[in-house]
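What follows is one structure encoded as structure tokens, with my remarks underneath.
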Amino acid sequence: MTKVSVTEAARLAGIARSYFYKRYIDSGEISIERDMRGNPLVDVSEIMRVFGELKGQVEDTSRTQQRTEDDTSNSHEDAIVLRAELSACREILRVRETEVERLVAEVGWLREQVAQQRLLTGPDTKRRWWWPW
């Protein structure tokens, strides 16, 4: 059957959207599906199963079909934009990884310098002024 948004489903059931979520969706009494964008959709048969008679009219399926086609074209454009963003994020990640490698090498060099300083000024090399030999 036709799938509608949660807002439309609540309108068809004749109850508030927030109550529809709390009482029926969160409790699992009415199942939802997700469209390509992740928006929740409710099957009209689910509403009829729980509420029996519908309070409002179901929206025209041709409008729903047109909206699905628009979503498909928008999802193609979204995919192009997301690929570009992913490419940019990978480049930023590559730069940051290079910077981290450089910093790790620098920290290693600094640790070596500190170790050499300790060797030069260790407790065995210190002379006491009052000791005769």
Cα centroid separation - the range 79-94 against the range 1-51, whole Å = 35 Å
query = Leu41's amide H: which non-local residues (gap 5+, or another chain) put their own amide H closer than 5 Å, with H modeled 1.01 Å from N in plane and none for Pro or chain starts?
reply = Glu33, Arg34, Asp35
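Only the coordinates and a few stated rules stand behind these numbers; no lab work does. Just so it is clear, the model here is predicted, and its values are computed rather than measured.
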